[in-house]
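Colleague: Would you mind keeping the following structure in view while I ask a few things?
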Amino acid sequence: MAQVYLQQVATAEHELVALRARVDHYEDLGLSITSHMSSTPVQGQKGASRVESAAVGIVDALQDINAKIGAYAAIVGHAEKLIEQVPQERYRRLLSLCYLCGWKLAKVGDELKYSDRTSVYRAHGWALVEFGKVMEKDAEIL
């Protein structure tokens, strides 16, 4: 259960990165539109210029993206709070690097100075057990 939850968090973190990139893209697009498009009305839309129509589309897209960002940020924020409650520092770092930073276990093992791959996989398993205990306590509080 803990691993499934944390994998959802990792997915949310990746989605946040992608959505932020889209926001940057739309903001850049909005800036370039105003300099490249004319202010002539769009055919079939009385009074609306091409710039206005494009800007409205970008604003709508940004609002949708920002709502998704808020939802994903809430998931990641909750996971961060739970990880902080894991008693062992080494397990907290391992979980953060794996699920919040998206590192592979081999890289985590190198960073945390595990002697071999088996050790980091074993530590990952124990970290998930400890995280599961924290999740159970959190569920009891709710």
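Colleague: Say the dipole of the chain comes from +1 at the beta carbon of Lys and Arg and -1 at that of Asp and Glu; which of Y99, H14, G109 then lies farthest toward its positive end?
Modeller: Looking along the dipole axis, the top candidate is G109.
Colleague: Tell me, in nm to one decimal, what length is gained between Q8 and D116 on full extension, where the rule is 0.36 nm per residue of separation less the Cα-Cα distance?
Modeller: Stretched fully, the Q8-D116 segment lengthens by 36.2 nm.
Colleague: Sticking with this structure for a sec: To the nearest 10 degrees, how steep is helix 2-36 against the longest Cα principal axis of the chain, on a 0 to 90 scale?
Modeller: Rounded to the nearest ten degrees, it is 20.
Colleague: Hey, what's the per residue convex hull volume over the C-alpha atoms of the range 2-141, in cubic angstrom? Walk me through the intermediate numbers first.
Modeller: On the way: hull volume 19.3 nm³, N = 140.
In the range 2-141, the Cα convex hull volume per residue is 138 Å³.
Colleague: Along the range 74-84, what does the Karplus equation 6.51 cos²θ - 1.76 cosθ + 1.60 (θ = phi - 60°) give for ³J(HN,Hα), rounded to whole Hz, x for Gly and Pro?
Modeller: The phi angles translate into 5, 4, 5, x, 5, 4, 4, 5, 5, 4, 4 Hz.
Values quoted throughout were computed directly from the atomic coordinates according to the rules given, and no laboratory measurement underlies them. Not measured: the values here are computed from a predicted model. Every residue, glycine as well, gets a Cβ built from its backbone with ideal geometry; the counts of neighbours run over all protein chains shown.
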